[in-house]
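**Q** The following block contains the structure, expressed as structure tokens.
The values are calculated or read from the model by the stated rules, or taken from the named source; none is laboratory data. Owing to the predicted nature of the structure, the values given are computational and were not obtained by experimental measurement. Glycine also receives a Cβ, built like all others from the backbone with ideal geometry; neighbour counts cover every protein chain displayed.
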Amino acid sequence: MKIKSLLSGILGIMILVLSAGILSTQCVAMEQKNLEVVKLDSGLISGLLQGGTWTYLGIPYAKPPMGDLRWKLPEAPKAWSGIRRCTKYGPSCPQPQTEASVGRMAEDCLYLNVWTPAKEPSDKLPVMVWIHGGAYVTGSGSEPTYNGLNLSKQGVIVVTINYRLGPFGFMAHPLLSKESPKGTSGNYGLLDQVEALNWVQRNIQAFGGDPGRVTIFGESAGGQSVNILLVSPLSKGLFQRAISESGPQWHFGLLVPFTPLKEAEKKGEQFAAELGCDKAKDPVAAMRAKKPDELIQTWGWTATEMVIPDGIQFQAVVDGWFLPDRPEVLFKAGKQHDVPVLIGSNKNEGAPFAALAQSKGKTVAEYKARVLGAIGELAPEVLTMFPADTDEQAYIAIANLLTQMDFASFPRFICKSVAKTKSKAYLYQFTRVPPTKYGALLGCYHSCEMPYVFGNFVMSDGYKQEDLDLSMVMMGYWTGFASSGDPNGGGRPAWPYYGPKDQNLELGDQVRVNAVLFKAQCDLAEKIYAGGKP
């Protein structure tokens, strides 16, 4: 009896020590029973319990891409001993300063965050992995709008990630391609996204997630990332559904296009020269020796440079490996992953881009020249559809052109491509004008749907009960789709999948089915695409 009591006492002490977070990895051989301490393939972590949702912030999913690992493929993180407290966001990736603060920045930035309402590791909940926007220049998975707490309350696990940006994430260079076993360079930020998805496959079950029900979702550059991941061979099998919000694609000379590898390498050589590293014995080593701030300052981009930029542009690279060809070519050839897709755009997407272009003094002559340079022989049709004889008319033309022939046309094109597969696609248009100062200026502008998707509102901005109600409907659609590949159910208005009737769901003051969204404009965009022009 005494021996039995002694053993019980020792077991009790072990449990107390474990909950205090001081047992090393080597001391824990028992199966994970709850989510207080989560066992990853790299070590143990603990988080915070917030209203029934476990929150884990700042989990490393790759080694710090610093020193010799700058401009290298991401590598799995180094294992640690003990229990790592994951209660604070990791640093955001280096980027130019903008009005929207992303907190502390450091090159050691490949972290992700998890919100899970699961009670046990065996719950097998659907998983939603968020890819932030910001033109591949700015942004972070730790931005307040992307806090996953409210969305997770709909019964899903939410993961937000950081990925390398600007010259850190997208610079190509002939010497980098030469040292790579794949013979390519650039796209490091997109490869980070793939590494994060691999991490999810290896570890999400420990949080109560189902690795067979992973949805990637993103907005703007994040939406474009989703479109790219849909056609990249490297992401096959890493997700089972995709949600793309406002991902630009064709650009028409007014936004940054995809870049062929050789052209991207020339930009990298130009950047090396501006850094003063081109004449070094080892230019790549010289660039890797530069501090992050030196790269950002030399690059010199600001928020206004994201539209009609004048400096060096670092964007997604058609490298023949990660991205075998331009996405529209791959979609047309039916080479996308056969998964359900939910995709759409906002009613006034182009308004902020046109406003930024106007603030930079872009004229009607420049508008016409850029369209002509981007499109060629079909440019007159575009300029007839979006005419401008004055600078003020050019502002309106740019706003409408980007809204209709870029942001709205590519979602329809993807839906038509998905309709040829076994999967289904669901097309939407977000039309709610937020009752904020930016809504008054720009209407239903690019990115204004974000608070509705995550259920995060700053009520002092003027949001009303109607906005909260619409948010609940949208979160229901989004999480329903993540759960089953079909957004319908829960008493919400029926959302038909995309088919011959060219139907879409309007998400705004009313939630209703519409048809034939910007048909003439989208038809012209596809005509231009068929000619091989971006």
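**Q** For region 154-188, name all the residues that are more than 30 Å from Ser471 (Cα to Cα) and among the small types (Gly, Ala, Ser).
**A** Gly166, Gly169, Ala172, Ser177, Ser180, Gly183, Ser185, Gly186
**Q** In addition: Just the residues that are free of Cβ contacts under 8 Å to residues at least 24 places away in the same chain and under 26 Å from the mean Cα position of the chain (by Cα), please, taken from region 262-290.
**A** Across region 262-290, the qualifying residues are Lys262, Glu263.
**Q** Scan region 452-461 and tell me whether some residue there is without any contact (Cβ under 8 Å) to a residue 60 or more places away in the chain, among the hydrophobic types (A, V, I, L, M, F, W, C) and in contact with a helix residue (DSSP H, G or I) (Cβ under 6 Å, 6 or more places away or on another chain).
**A** Scanning region 452-461 turns up at least one residue that is without any contact (Cβ under 8 Å) to a residue 60 or more places away in the chain, among the hydrophobic types (A, V, I, L, M, F, W, C) and in contact with a helix residue (DSSP H, G or I) (Cβ under 6 Å, 6 or more places away or on another chain).
**Q** Within region 139-157, work out how many residues are buried (at least 24 other Cβ atoms within 10 Å of the Cβ), closer than 25 Å to Pro96 by Cα and in contact with a Pro (Cβ under 7 Å, 6 or more places away or on another chain).
**A** The number of residues fulfilling the criteria is 0.
**Q** Here's a check for you: in region 240-251, which residue that is buried (at least 24 other Cβ atoms within 10 Å of the Cβ) and in a loop (DSSP other than H, G, I, E, B) is modelled with the lowest pLDDT?
**A** Going through the qualifying residues, I end up with Trp250.
**Q** Are there strands (runs of 3 or more DSSP E) fully within region 117-222 with at least 1 residues that are closer than 14 Å to Ala482 by Cβ and among the small types (Gly, Ala, Ser)? List them.
**A** Per the criteria, 209-219.
**Q** A follow-up question, please. Go through region 94-106 residue by residue and tally those that are of a type in the set (S, T, N, Q), closer than 14 Å to Asp293 by Cα and surrounded by 13 or more Cβ atoms within 10 Å (Cβ to Cβ).
**A** 1
**Q** Sticking with this structure for a sec: Could you please let me know if Thr403 is polar (S, T, N, Q), closer than 30 Å to Ala333 by Cβ and buried (at least 18 other Cβ atoms within 10 Å of the Cβ)?
**A** So Thr403 fits the description; yes.
**Q** Turning to a different aspect of this structure: Are there any pairs, at least 6 apart or on different chains, whose C-beta atoms fall under 8 Å, with the first in region 64-82 and in contact (Cβ under 8 Å) with a residue 24 or more places away in the chain and the second exposed (fewer than 14 other Cβ atoms within 10 Å of the Cβ) and of a type in the set (A, V, I, L, M, F, W, C), and if so, which?
**A** From region 64-82, the pairs are Gly82/Ile22.
**Q** As an exercise: evaluate Glu99 against (1) at negative phi; (2) among the charged types (D, E, K, R); (3) at pLDDT 95 or above and give the number of the one condition it does not meet.
**A** Among (1) at negative phi; (2) among the charged types (D, E, K, R); (3) at pLDDT 95 or above, Glu99 violates only (3).
**Q** Also, I was wondering about something else. Mind checking which residues of region 449-462 are assigned to a loop (DSSP other than H, G, I, E, B), at pLDDT 95 or above and out of contact with any Phe, Trp or Tyr (no Cβ under 7 Å at 6 or more places or on another chain)?
**A** Gly455, Asn456
**Q** To continue, here is another question. Within region 44-93, how many residues turn out to be among the small types (Gly, Ala, Ser), on the phi < 0 side of the Ramachandran plot and surrounded by 14 or more Cβ atoms within 10 Å (Cβ to Cβ)?
**A** Residues that pass the stated criteria total 6.
**Q** Then there is this: Tally the residues that are in contact with a helix residue (DSSP H, G or I) (Cβ under 8 Å, 6 or more places away or on another chain) and outside any helix (DSSP H, G or I), restricting the search to region 407-427.
**A** So the answer is 5.
**Q** Which ones in region 428-442 are in a loop (DSSP other than H, G, I, E, B) and crowded, with 21+ Cβ neighbours inside 10 Å?
**A** Arg432, Pro434
**Q** So, of the residues in region 158-195 that are among the aliphatic types (A, V, I, L, M) and closer than 23 Å to Ile296 by Cβ, which turns out to be surrounded by the fewest Cβ atoms within 10 Å (Cβ to Cβ)?
**A** The extreme case among them is Leu175.
**Q** Conditions: (1) over 19 Å from the mean Cα position of the chain (by Cα); (2) surrounded by fewer than 18 Cβ atoms within 10 Å (Cβ to Cβ); (3) not β-branched (Val, Ile, Thr). Lys236 meets all but one. Number of the miss?
**A** (1)
**Q** Looking at the structure I just gave you, is Asn198 closer than 30 Å to Tyr428 by Cα, surrounded by fewer than 20 Cβ atoms within 10 Å (Cβ to Cβ) and of a type in the set (S, T, N, Q)?
**A** yes
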